[in-house]
1. For the range 385-485, give me every one of the helices (runs of 4 or more DSSP H) that falls completely inside it and has 2 or more residues that are closer than 30 Å to LYS264 by Cα and of a type outside the set (A, V, I, L, M, F, W, C).
2. So LEU22 passes all but one of these: (1) over 23 Å from GLY377 (Cα atoms); (2) at pLDDT 75 or above. Which condition number does it fail?
3. Between residues in the range 225-243 that are closer than 17 Å to ILE161 by Cβ and residues that are surrounded by 12 or more Cβ atoms within 10 Å (Cβ to Cβ) and of a type in the set (Phe, Trp, Tyr), which pairs lie under 9 Å by C-beta distance while being six or more apart or on different chains?
4. PHE133 is checked against (1) over 26 Å from ASN97 (Cβ atoms); (2) assigned to a helix (DSSP H, G or I); (3) of a type outside the set (Asp, Glu) and fails just one. What number does that condition carry?
5. Among all residue pairs at least 6 apart or on different chains, which show Cβ distances below 7 Å where the first residue, located in the range 125-152, is small (Gly, Ala, Ser) and the second is surrounded by fewer than 18 Cβ atoms within 10 Å (Cβ to Cβ) and not in a helix (DSSP H, G or I)?
6. Looking only at residues in the range 296-312 that are of a type outside the set (D, E, K, R) and farther than 18 Å from TYR78 by Cβ, which one is modelled with the lowest pLDDT?
7. Criterion first (surrounded by fewer than 22 Cβ atoms within 10 Å (Cβ to Cβ) and of a type in the set (A, V, I, L, M, F, W, C)) does ALA419 satisfy it?
8. For the structure I just gave you, tell me whether TRP502 is at pLDDT 90 or above and not β-branched (Val, Ile, Thr).
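The values are calculated or read from the model by the stated rules, or taken from the named source; none is laboratory data. Keep in mind it's a predicted model, so treat the numbers as computed, not measured. A quick note on method: Cβ atoms are made from the backbone with ideal geometry, for glycine too, and the neighbour counts reach across all protein chains shown.
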Amino acid sequence: MADDLALRIRAVTLLLAISSLLSRVLGYGRDWLINYEFGATGATDVYQASFTLPDMINYLLAGGALSVSLLPRMSALYAAERAGTAGLDRDGLSDANRVFSIVFTAMIAVALICVLLGELLAEPILRAWFDGFNAAQIAQTVRLTRIVLPAQLFFLSGGLIQASLLARQSFGAMALTPLLYNLGIIVGGLIGAQSGNIAGFSWGALVGAGVGGLLVPALSARNSLKWRPIWRPRDPEMKAFLWTALPLMVGVSLTTVDEWLGRKFGSSLAPGSISWLNAARKVMLVPIGLLGQAAGQATGTYIARLHADGARAELSQVLGKSLAAVLGLSLVLSVLLVVLPVPIVGILFEYGKFGEHDTLAAASALVPLSVGIAAWGGQAMLARAFYATGDTWRPMIASTIVTLAMLPVYSASTRWGIAGLGASATIGMTAQALALLVLARKRLGLDVRTLLSGLARALAVAVAAGVAVAGVDHLLVNAQAPWLAAPRARHWAQAVVGGMVWLAVLLVVGALVDMPGLPRRLQPIAARLRPWKGR
């Protein structure tokens, strides 16, 4: 049973990882276009800042986590349907559809009120948050914010529908949503760039949210989900949902707040700082999206089902194997970004108005950010595991404590510029991951000893890869070959050669030490490389 689930989780993880990769590619295209057309300036800082209030409203309503908030209940209701114990109400709605209708009606009403208040109060809120912006920057931030705000209605509606789809192990809409959202931003940006208007990206975000965030999930669930407007805010089901979602609404997690804090404190630094930090974050988030988030979404869905079926031992086993793989691969992936920050940022963003100075600035933040990649991926998976079992209070209380404790650290770190802000993110995320790990050991039965063993093997691979890549990079930087004189050619040589060396070390040393997360097809090769194992 556990092996079958592991295979299914791998398949779903692969689907979501491919979706995440494609989304990152489109996201890169979006950021590349912004940087190419406008560079890293006060104007791009304003554009990045305009998403802060919409993000806050989304977070306040637990929009990004609504699917995991409703998922445990929907999984239990669908389990009852499979067992033949579910019933119909007097209106002909199944228990699952009735619960969905009650929650959906109430949450959409609340979201509409929040969006309207955000539109009205955008100026004083943004002026207070971005105290480093001048009056013109605040006015432009308010204008762009008001364009993007309604998108939260689409995301919130779609998030609730996704809970129904995930409870039925349907992942297609989740895979498409980020792709269409980023595509919308790119199309809007291309249109706006013709007249030098950065607001085109904002209008594209609104359209992309409508199509990807709401329309696709609604179409995917049209045959399996029925909704009717049912206003029962005091219904026991609504109270149970709020009990699960409330910690996500009132609590704070550094996963989201880190970006807000980066924008806030970055607004008081040199013009372009928010854009440089954003570029570094986008690069750092690629491996997190490929591993931590994709695996967390896939594993969380099956953990919800195992929890509903009462299979605690299998739940612990699935979580342990998945977490070891994510942490190990994340740790090894971070080596490339730590050792080769300048060539990677240069290849990705140094075009148009984004120059060499911008590359060096963004790379200075990428190094400290990349050190924490494993922590980012691990905490994402652990949080999803807790949410899947209906436990949102404990992880959110822990995350809130860590976030509040980190506020003075973020404030003090600005003396080291955006590199200091990147280091603050890694310190805070490591603390958050450790707190969730301790909770998972107590509440979910996670085998920490086995996990640490796998992590130690991954660390050995990471050190070997780091030394090898750094050595090769040193040779390339000091080479006298004429074709390496041009910065772009040197960047490509560093990235390609360094990447090949990194991959070779990962496969060989990883097979030698039996690192978690490597494909099963490498096991026969690993057995030959480890002859002492059979003696």
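1. On the way: elements: 393-413, 417-443, 448-477.
Correct list: 393-413, 417-443.
2. Here LEU22 meets the rest and fails (1).
3. Once the first residue is closer than 17 Å to ILE161 by Cβ and sits in the range 225-243, its partners that are surrounded by 12 or more Cβ atoms within 10 Å (Cβ to Cβ) and of a type in the set (Phe, Trp, Tyr) give LEU225/PHE100; LYS226/PHE100; TRP227/PHE100; TRP227/PHE104; PRO229/PHE104; ILE230/PHE104.
4. Every condition holds for PHE133 apart from (2).
5. Partner pairs satisfying both residue conditions: GLY132/SER268.
6. Of all residues in the range 296-312, those of a type outside the set (D, E, K, R) come to 296-304, 306-308, 310-311.
Subset that is farther than 18 Å from TYR78 by Cβ: 296, 299.
Values: GLY296: 56, THR299: 66.
Filtering first and then ranking leaves GLY296.
7. When the stated conditions are applied, ALA419 passes them.
8. Details: at pLDDT 90 or above: yes; not β-branched (Val, Ile, Thr): yes.
Against the criterion (at pLDDT 90 or above and not β-branched (Val, Ile, Thr)), TRP502 qualifies.
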